[in-house]
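First up is the structure itself, then whatever we jot down about it.
Derivation of every value follows stated rules applied to the coordinates shown; laboratory data play no part. Note that the coordinates shown come from a computational prediction; the quantities given were computed from them, not determined experimentally. Here the Cβ is made from the backbone with ideal geometry for all residues, glycine too, and neighbour counts use every protein chain on show.
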Amino acid sequence: NSKVIQTPRYLVKGQGQKAKMRCIPEKGHPVVFWYQQNKNNEFKFLINFQNQEVLQQIDMTEKRFSAECPSNSPCSLEIQSSEAGDSALYLCASSPGTGANTEVFFGKGTRLTVV
Amino acid sequence: GEKVEQHQSTLSVREGDSAVINCTYTDTASSYFPWYKQEAGKSLHFVIDIRSNVDRKQSQRLTVLLDKKAKRFSLHITATQPEDSAIYFCAAGYQGGRALIFGTGTTVSVSP
C-alpha cells in the first residue's frame, strides 16, 4: 500500500482564489511528481522534483502554479489564481528515483473544485 | 513528446474469463511501462510493470507483454474476479525519475 500522504482530500475554492495542497512522499523517496487527472481520466503531468530541485515542469505550472519540496517539510502545489478548468483530482506520487527500481507510488489525491 | 494510446475504453468479461488490455506508445526511448488500477473514488494502485530489457513479465494472474518493434504492450488478466473491476491505466516513461505518460484508461467490468 502506498505511503504517500496528501492533504486535504477535498478543496473548494472560488475563482481567483489560491488553492494549496500538500504531499508527504514515501520515506526515502527523493523523487516527487504532481499530476492532474481531469473528469475524463486524462492525466496531465505538472512538475517533478528530485530532492528539492525541479526536474521537469510544463508551461502552465511555471506560469500559474507555485510548487516546492523543501527538505524536512511536506511538498506543496499551489494554484495562484484558481480557474474553473482547474477543477480536477491532483495526484502526488513518489519514487525511489534513479536505478532499476523506479516504481512510482501515488497518494489518494486532493480533489479540487473551483466554483 | 511521448504519446500513449489505450485502445479500449471499456471491456466487459465474465468471471473466470481472461481480459486483455492493449496500449501503444510512440517514443522508442521509453523503457519503463507500468500499469495502474483505479477503483471508483480511489487513487492509483500500482499493479505490475515491465522494463524494456524483457518482453514478458508475470505476477500471479497478471502478465505483461512488451513488443518493442511494434511499440505495443498489453496487460493480460487470467481467471478474472469481480474485484478486478476497475479502471486500468497503462503508462510509459524512462527510468530515472522522469515523468510517466498515461493512457486514457480502460474500464474493466467483471460480471458473475
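Considering each residue of the range B:44-61, count those that are touching a Pro at 6+ places or on another chain (Cβ under 9 Å) and surrounded by 17 or more Cβ atoms within 10 Å (Cβ to Cβ), and give that number. I'd like the intermediate steps shown before the answer.
Going residue by residue through the range B:44-61, those that are touching a Pro at 6+ places or on another chain (Cβ under 9 Å) are B:46-50.
Filter once more, so that each one left must be surrounded by 17 or more Cβ atoms within 10 Å (Cβ to Cβ): B:47-50.
Here the count works out to 4.
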Practice problem: Please specify each residue of the range A:34-64 satisfying the condition of being among the charged types (D, E, K, R) and either more than 10 Å from chain B (Cβ to nearest Cβ) or over 14 Å from the mean Cα position of the chain (by Cα) (or both). | Solution: A:Lys39, A:Glu42, A:Glu53, A:Asp59, A:Glu62, A:Lys63, A:Arg64
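Taking into account only those residues within the range B:40-50 that are more than 8 Å from every other protein chain (Cβ to nearest Cβ) and under 18 Å from B:His76 (Cα atoms), which is farthest from the chain's Cα centre (by Cα)? Give the derivation first.
Here is the first cut: in the range B:40-50, the residues more than 8 Å from every other protein chain (Cβ to nearest Cβ) are B:40-41, B:47-48, B:50.
Imposing the further condition that a residue be under 18 Å from B:His76 (Cα atoms) reduces the set to B:47-48, B:50.
Details: B:Val47: 8, B:Ile48: 8, B:Ile50: 10 Å.
By that ranking, first place goes to B:Ile50.
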Quiz item: Got a number for residues in the range B:49-63 being closer than 19 Å to B:Asp27 by Cα and not in a loop (DSSP other than H, G, I, E, B)?
Solution: 3
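Let's see how each residue does on (1) closer than 22 Å to B:Tyr94 by Cβ; (2) of a type in the set (Asp, Glu); (3) surrounded by 15 or more Cβ atoms within 10 Å (Cβ to Cβ):
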position: A:Gly14; (1), (2), (3): no, no, no
position: A:Ile24; (1), (2), (3): no, no, yes
position: A:Phe65; (1), (2), (3): no, no, yes
position: A:Glu83; (1), (2), (3): no, yes, no
Exercise. Collect the residues in the range A:83-115 that are over 15 Å from A:Asn38 (Cβ atoms) and not hydrophobic (A, V, I, L, M, F, W, C), keeping them in residue-number order.
Key: A:Ser94, A:Ser95, A:Pro96, A:Gly97, A:Thr98, A:Gly99, A:Asn101, A:Thr102, A:Glu103, A:Gly107, A:Lys108
